[in-house]
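First comes the structure, then the notes that go with it.
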Amino acid sequence: MNPLTIKVACSNCNLRELCMPVGLNEEQLQRIDEVVAVRRKIKRGGTLFRNGEAFTSLYAIRTGFFKTCVATEDGRDQVTGFQMAGEIIGMDGIVNDHHTCDAVALEDAEVCVMPFDRIEELSREVTALQHHVHKIMSREIVREHGVMLLLGSMRAEERLAAFLLNLVQRLHARGFSQSELVLRMTREEIGSYLGLKLETVSRTFSKFVEEGTVEVRQRHVRILDTDALRRIVNNQQACH
């Protein structure tokens, strides 16, 4: 066994409600514990899986932060998403039995490895698990639709406002502040994800600071006026 892997039980994990179905009885919980094979540690900058690699497992992020990205024809990395503790990654591999992107740790991270054949087997016995897997897939589809809307029709400030609101909302669901966050990704990575040049991301952050909407100290961002960010996004949606 890899020295960086350890066995874990879902039943006593504080992130269980985020990545596993809720309301299970004791017997079902014990069955769910069988889903997780091991925990795996990934160093900052390390890769959890790569584009083209055989798909075998889904991964529940226990600690840390990831980005998923694909290499474009001209060799650049196109960021396709950011994932945090309590979220599941690896679903891109289900359709063709191989991964279609790289998953890179933006800080030291730990994941629970869930072999997909085991998930499928247990889903037949614990219907709540099957329903939960469907819910996670559906959430991913909804997220991708949101990103398409973001890239297809929003101006720079609308994109960045939507991004910050989404990030802080996901962090708040994990018990973090509703208004303060540390950006684990670079501005370049934010730009790649939002379809914006680095200068545009920096300029838009500066605009938000000047307007008193946010306070920025390097990677620390404090949202001073959440309603202002919401208005920026909602005005755009009202136009469509």
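Below is a table of values for the structure above.
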item: Condition check for ILE190: open to solvent by 10 Å² or more (accessible area, probe 1.4 Å), part of a helix (DSSP H, G or I) and β-branched (Val, Ile, Thr); result: no
item: Residue in region 67-89 that is free of Cβ contacts under 8 Å to residues at least 40 places away in the same chain, in contact with a Gly (Cβ under 8 Å, 6 or more places away or on another chain) and either at negative phi or assigned by the TED database to the domain that holds GLU140 (or both) present; result: yes
item: Residue list for region 165-177, restricted to those being free of Cβ contacts under 8 Å to residues at least 60 places away in the same chain and not in a loop (DSSP other than H, G, I, E, B); result: ASN166, VAL168, GLN169, HIS172
item: Candidates GLU199, GLU211, GLU189, filtered to the one that is modelled with pLDDT of 95 or more and within 18 Å of the chain's Cα centre (by Cα); result: GLU189
item: Among (1) part of a helix (DSSP H, G or I); (2) open to solvent by 70 Å² or more (accessible area, probe 1.4 Å); (3) farther than 25 Å from ASP77 by Cβ, the one test that ARG203 misses; result: (3)
item: Cβ pairs under 6 Å, 6+ apart, first in region 194-209 and free of Cβ contacts under 8 Å to residues at least 40 places away in the same chain, second outside any helix (DSSP H, G or I) and open to solvent by less than 70 Å² (accessible area, probe 1.4 Å); result: VAL209/VAL216
item: Members of region 1-59 that are modelled with pLDDT under 75 and touching a Pro at 6+ places or on another chain (Cβ under 6 Å); result: ALA37
item: ARG184 being modelled with pLDDT of 90 or more, within 20 Å of PHE82 (Cα to Cα), open to solvent by 30 Å² or more (accessible area, probe 1.4 Å) and not in a helix (DSSP H, G or I); result: yes
item: Test result for THR68, modelled with pLDDT under 95 and either polar (S, T, N, Q) or under 17 Å from the mean Cα position of the chain (by Cα) (or both); result: no
item: Residue that is nearest to GLN83 (Cα to Cα), among those in region 148-165 that are crowded, with 17+ Cβ neighbours inside 10 Å and at pLDDT below 90; result: LEU150
item: VAL168 being touching a helix residue (DSSP H, G or I) at 6+ places or on another chain (Cβ under 9 Å), open to solvent by less than 20 Å² (accessible area, probe 1.4 Å) and farther than 21 Å from GLN78 by Cβ; result: yes
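The values are calculated or read from the model by the stated rules, or taken from the named source; none is laboratory data. In this text, all values refer to a predicted model and were calculated from it rather than measured experimentally. Ideal geometry is used to build each Cβ from the backbone, glycine not excepted, and the neighbour counts take in all protein chains shown. These accessible areas exclude ligands, DNA and RNA; they are computed on the full protein's heavy atoms, side chains included. Shrake-Rupley method; radii C 1.70, N 1.55, O 1.52, S 1.80 Å.
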